[in-house]
Each structure stands twice: as C-alpha cells, then as structure tokens.
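Q: Structure in structure tokens, see below.
The values are calculated or read from the model by the stated rules, or taken from the named source; none is laboratory data. These numbers come from a predicted model, not from an experiment. Quick reminder, even Gly has a Cβ in these numbers, built from the backbone with ideal geometry, and neighbours come from all protein chains shown. Accessible surface is based on the protein model in full, side chains and every heavy atom, while ligands, DNA and RNA are left aside. Shrake-Rupley method; radii C 1.70, N 1.55, O 1.52, S 1.80 Å.
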Amino acid sequence: MRHLLNTLFVTSEDIYLSLDGENVVANREKTAVARYPLHTLSGILTFSYAGASPSLMGACAQRGISLSFCTPRGKFLARVTGESNGNVLLRRAQYRMADAPAQSCAIARAMVFGKVHNARWSIERTRRDHGLRVDDQRLEEVSGQLKALLPQLLKETALDRLRGLEGAGATAYFGVFHQLILGDRTLFHFETRSRRPPLDPANALLSFAYSLLSHDCAWALESVGLDSCVGFLHRDRPGR
C-alpha cells in the first residue's frame, strides 16, 4: 500500500520549479527561495505560469509523484505521467466490468454508500461539536433522511435509480450545508450548489476542492495501471 505523503502546492504565479539532487527547488527570478526533499512528496500542484524543468518532470514520473499544472485561477492544464503502469490484462478487466451493468452497479453502489454515509457523519459531527450554534432540529432531520437512504443504496441494482438516490442524498446534504459553515457566513454565505461557473465564494471553494480531488483520484488510478476515464456510475464522456 502506498504511504500518504505530503502534497506541495505552489500558489505564487512567478515560481519556477527545478530539480537539485533529491530536492525540489522553488525559484523566483533565478534565485532559489525554497527547497523540499522529493522523497517526502506524493504530489506537486503548481498554479504558476513559469512551469517546471524537464529534469523535475522526469524525476516525478520516474518516482510516481503526481505533478499537475493549473492556471493561477485554478483551471487544470496538464499532468505529468510516465510509462503506463500495471498491465493490459488489468485494464481489459476494468473495461469488461464497466460494460457489465450489474458489476458496474455493485462498484458504484459502494462508492455512493460511502459518500452518503460520510455526508451524514459530517452533519453528526457538527451537531456534536457545535450544537448550540446550529439548527440542531433541522440537522437531525436531514441526518435521518440520509440514514434512511443507506439501506436503499445497499439493495439497489439499477444504475439509473442509484444515480437518483445519490442525487436525493446530495440535495438533502446541500440543503443544510450553510449550517455547517461556522466561520464568516457573510462572506461564505451558501444558498444552493452552483457550478460552471460557481456563483459565490463558498461554491468557488467547493469547485476548487473537487478539482483537486479529481486530479488526485485520476493520478491514483493511473499509478496502479487503471484507466481514469472509464468509470462505473456515470456514462463515459471524452476528457472526463
């Protein structure tokens, strides 16, 4: 099992990354401003236009370190990958399972169950830790709705209905999401989930976090030789 190490986020637009021995070097105007041991990293995500040296890209590909490039505004540009890992038999098995509705549903069902279960316990942690600051009765009601979905998810055998249950869980969760924001609610006010584009700071942060997570998931799949574009819950779409 791969150890979970650190991810290096480069948020300055003018930083150029290079390799010096076993260290990642952050350079500004040809001057090194920071150094990070490569062996402590599992991923590097840079929001800089300056980019990275070919030697660093090669070292990351060789060591299985995810190196992704985004614009300063967070739009994904590219990810460095080395030779394909795993073997063709593994990917052929993945494709066969993706083409079999029953097998696809079994895998997707486990993922959606975990999503709804975690959403419920996110609400329960807020009730436990901050019960006096939130509408506890409303959160208890939604927690009960999510709990009731769990046995339905475990029994579902059709992908269309599974997607419907996932949508019902997301609607319930985001219906009380504003209660889970305990910081500056005037700035991070949340009314409803909006995407492409997100319409407020809270949705912008959600979309940004989802983008980081999707990059990590794609890299994790590819690092063991699976095809990150072939899934089990949603229909295949080019580039997704």
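Q: Hey, among the residues in segment 96-133 that are farther than 22 Å from Ala168 by Cβ and of a type in the set (A, V, I, L, M, F, W, C), which one's surrounded by the fewest Cβ atoms within 10 Å (Cβ to Cβ)?
A: Taking the candidates together, the pick is Leu132.
Q: Just to check your reading of the model, which residue among Leu221, Leu213, Leu187 is within 17 Å of the chain's Cα centre (by Cα), under 29 Å from Thr46 (Cβ atoms) and surrounded by fewer than 16 Cβ atoms within 10 Å (Cβ to Cβ)?
A: Of the residues listed, the single one that is within 17 Å of the chain's Cα centre (by Cα), under 29 Å from Thr46 (Cβ atoms) and surrounded by fewer than 16 Cβ atoms within 10 Å (Cβ to Cβ) is Leu213.
Q: Six or more apart or on different chains, Cβ under 7 Å: which pairs go from a residue in segment 53-79 that's free of Cβ contacts under 8 Å to residues at least 40 places away in the same chain to one that's open to solvent by 30 Å² or more (accessible area, probe 1.4 Å) and of a type in the set (S, T, N, Q)? Could you list them?
A: Matching pairs, first to second residue: Ala61/Thr81.
Q: How do the pairs read when you match residues in segment 220-240 that are farther than 24 Å from Cys60 by Cα with residues anywhere that are modelled with pLDDT under 80 and loosely packed, with under 15 Cβ neighbours inside 10 Å, using Cβ under 7 Å and keeping only pairs 6 or more apart or on different chains?
A: Between residues of segment 220-240 that are farther than 24 Å from Cys60 by Cα and residues that are modelled with pLDDT under 80 and loosely packed, with under 15 Cβ neighbours inside 10 Å, the close pairs are Val230/Asp236.
Q: If I ask for residues that are closer than 19 Å to Arg195 by Cβ, touching a residue at least 12 places away in the same chain (Cβ under 8 Å) and not hydroxyl-bearing (Ser, Thr, Tyr), which ones from segment 135-175 would you list?
A: Scanning segment 135-175 gives Arg163, Glu166, Ala168, Gly169, Ala170, Ala172, Phe174, Gly175.
Q: Do you know which of the residues in segment 21-74 that are farther than 14 Å from Trp219 by Cα and of a type in the set (Lys, Arg) is least open to solvent (accessible area, probe 1.4 Å)?
A: If we take residues in segment 21-74 being farther than 14 Å from Trp219 by Cα and of a type in the set (Lys, Arg), then Arg28 is least open to solvent (accessible area, probe 1.4 Å).
Q: Which pairs have Cβ atoms under 9 Å, sit 6 or more apart or on different chains, and link a residue in segment 208-219 that is in a helix (DSSP H, G or I) to one that is open to solvent by 70 Å² or more (accessible area, probe 1.4 Å)?
A: Once the first residue is in a helix (DSSP H, G or I) and sits in segment 208-219, its partners that are open to solvent by 70 Å² or more (accessible area, probe 1.4 Å) give Tyr210/Arg195; Ser211/Lys75; Ser211/Phe76; Leu212/Phe9; Ser214/Phe76; His215/Phe76; Trp219/Thr81.
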